[in-house]
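Scroll down for the structure; my scribbles are underneath it.
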Amino acid sequence: MPIKDFLAIIYTTILTISALHMPQPLLPLLGSSFKVEMDTISLIMSATFIPLTVIPVISGVLLNFFSPRKMIIFAAAIHSFVVFSISMAENVYLVIFLRFIEGFLISAILTSNTTYIALKSVKEKIQFFMSYYIAFTIIGGLLGRVLGSIIANYFGWRACFQVMSLSLLVVLPIVYYFMEELKIPKIQKKDYLSFKNFKLVVFNKKIFYIYIAVFCLFFVFSGITNFLPFRIKSINKQASEMLIGLIYSGYITGIFISFIATKIIRVIGNERKTMLFGFSVYGFFLLILSLPNMLLIFIAMFGFCSGMFLVHSVASGYLNRIVTTQKSLVNGAYIAFYYSGGVVGSYLPGIVYKNFGWQSFIITLLILLFGGFFVVTKLSDHS
């Protein structure tokens, strides 16, 4: 893949993921601003994840008729307007609705990016590019949370969305000049919408195990990242938005893990063993996060993010390696299952936390984590 194409994908991905996760460390502040409780304000995240559970599949279909480049330009333009509108909202339910709309646009952009990579890369290089792509989604999540919390600390939460809106506008010229108009070969379009074809591709047992694993993976991650700001506030009521944002610094480790994912696979042996190792690391540091100590939480987030993003980067590359047809559909379904975990994980564990406490919250996440670990054991060592 030409470097200019990948640079356009990198910038677009970082900004899109930043916009998605930016409100997370601000949830206690937003709850106070709109005078609503934890379970209500958490819908700001859940609402954005909902479209990501269905629309990637639809986006995958549309990408057989429209180029990824056109899809990104159209979605990014509207995305910028929606984000600015959030900065002007005075009602929490309007913010939740706008975040819901934002989810549709984010979905279209992310599906277009992964499809573009799959189409422009030779088979032997897909794992390499996907690992790097995942690394930049991590950078986006880190920058969105940390820089957003810093801006909010000094200028208020509305300024965060205004800065993000302007940044998203820059996507338009970059994508227009750097990316190519790619067309899906006509031979792939003939029976694309047939249910039989959809079932054979998406619900292949091996592929479906990957989908279930990433559902559990992101359920746990969303639960921690969504409600950790409230946990920090319960430990230290004086904790600022900047301090909460810095807790997400553990993302840095995830970035390095994604960059060296292919090397880790070679050391461990294969993708299945690597994903099992990632889930084990994930579970260990999840247990550490149950302790009421700010320093331990800060340290544990490094290991927690490492385990999560190791599984994520390996799973996406593994999927694109074993699939030879209908890549846009398969990638769309992957994103859909991934964010389905985010929808449930960013809301339901909060009800457990609110009614039964943090320890019960952690136990709930451990059950889902074990579910992900179990389905990965069902995969074959050879593909």
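Only helices at least 15 Å long along their axis, Cα-based, and averaging -0.5 or more on Kyte-Doolittle count here, so list those DSSP H runs from the chain.
Details: long enough: 3-21 (27 Å, 1.34); 68-88 (30 Å, 1.35); 92-120 (42 Å, 1.37); 126-155 (42 Å, 1.33); 157-169 (19 Å, 1.08); 205-235 (44 Å, 1.30); 271-288 (26 Å, 0.98); 294-322 (42 Å, 1.52); 327-345 (27 Å, 0.67); 358-377 (29 Å, 2.04).
Helices passing the filter in the chain: 3-21, 68-88, 92-120, 126-155, 157-169, 205-235, 271-288, 294-322, 327-345, 358-377.
Starting from the Cα of ARG321, move 7 Å in the Cα-to-Cβ direction to define the label point; list residues of the stretch 222-266 whose amide nitrogen is under 13 Å from there.
261-266
Gain in length, ARG158 to ALA77, computed as 0.36 nm per residue apart minus the alpha-carbon separation, to one decimal in nm? Mind showing how you got there, number by number?
Working: separation 81, 0.36 × 81 = 29.16 nm, distance 1.95 nm.
Residue separation times 0.36 nm, minus the Cα-Cα distance, leaves 27.2 nm.
In the chain, if the dipole is taken from +1 on Lys/Arg beta carbons and -1 on Asp/Glu beta carbons about the Cα centre, which of ILE150, ALA47, TYR133 is farthest to the positive end?
Farthest towards the positive end: TYR133.
Give me the extension gain from PHE302 to VAL267: residue separation times 0.36 nm, minus the current Cα-Cα distance, reported in nm with one decimal.
10.5 nm
For the chain, build the charge dipole from Cβ charges (+1 Lys, Arg; -1 Asp, Glu) around the Cα centre, then report which of THR262, TRP358, GLY245 sits farthest towards its positive end.
Toward the positive end, the furthest listed residue is THR262.
Give the dimensionless ratio obtained when the Cα radius of gyration of the stretch 196-280 is divided by 2.2 N^0.38 Å.
Relative to the rule-of-thumb radius for its length, the stretch 196-280 sits at 1.50.
Against the empirical 2.2 N^0.38 Å scaling, what ratio does the C-alpha Rg of the chain come to?
Details: Rg = 19.6 Å, N = 383, 2.2 N^0.38 = 21.1 Å.
Scaled against compact globular proteins, the figure is 0.93.
How high is the relative contact order of the chain, given as a whole-number percent (alpha carbon pairs under 8 Å, six or more residues apart)?
Over the chain, the number comes to 29 percent.
Place +1 on the Cβ of every Lys and Arg and -1 on the Cβ of every Asp and Glu in the chain, take the dipole about the Cα centre, and give the residue among ILE106, VAL36, PHE66 whose Cα lies farthest towards its positive end.
Projecting each Cα onto the dipole axis, the largest value belongs to PHE66.
To the nearest 20 debye, what charge dipole does the chain have about its Cα centre, counting +1 at the Cβ of each Lys and Arg and -1 at the Cβ of each Asp and Glu?
Dipole magnitude for the chain comes out near 920 debye.
Test of understanding: what is the full-extension gain from ASP39 to PHE374, defined as 0.36 nm times their sequence separation minus their Cα-Cα distance?
Length gained, ASP39 through PHE374: 117.6 nm.
Just need log10 I(q)/I(0) for the stretch 255-380 at q = 0.14, 0.15, 0.23 Å⁻¹, Debye formula, equal scatterers on the alpha-carbon atoms, no solvent, rounded to two decimals.
The computed values of log10 I(q)/I(0) come out as -0.69, -0.79, -1.45.
Taking N as the number of residues in the stretch 1-114, what is its alpha-carbon radius of gyration divided by 2.2 N^0.38 Å?
Normalised Cα radius of gyration, the stretch 1-114: 1.14.
Expressed as a whole percent, how much of the Cα-Cα distance distribution for the stretch 240-305 exceeds 17 Å?
In whole percent, the share of Cα-Cα pairs in the stretch 240-305 beyond 17 Å is 48.
Give, as ranges by residue number, the residues of the stretch 341-380 whose backbone N falls under 18 Å from the point 7 Å along Cα→Cβ of VAL54.
341-345
So if I average 1/r over every pair of distinct C-alpha atoms in the stretch 290-364 and take the inverse, what Kirkwood radius in Å does that give? Could the numbers behind the result be given before it?
Values: mean 1/r = 0.0670 Å⁻¹.
Its Kirkwood hydrodynamic radius stands at 14.9 Å.
Read-outs: derived from the displayed coordinates by stated rules, not from any lab. Worth saying up front: this structure is predicted, and the values here are computed from it rather than measured. Every residue, glycine as well, gets a Cβ built from its backbone with ideal geometry; the counts of neighbours run over all protein chains shown.
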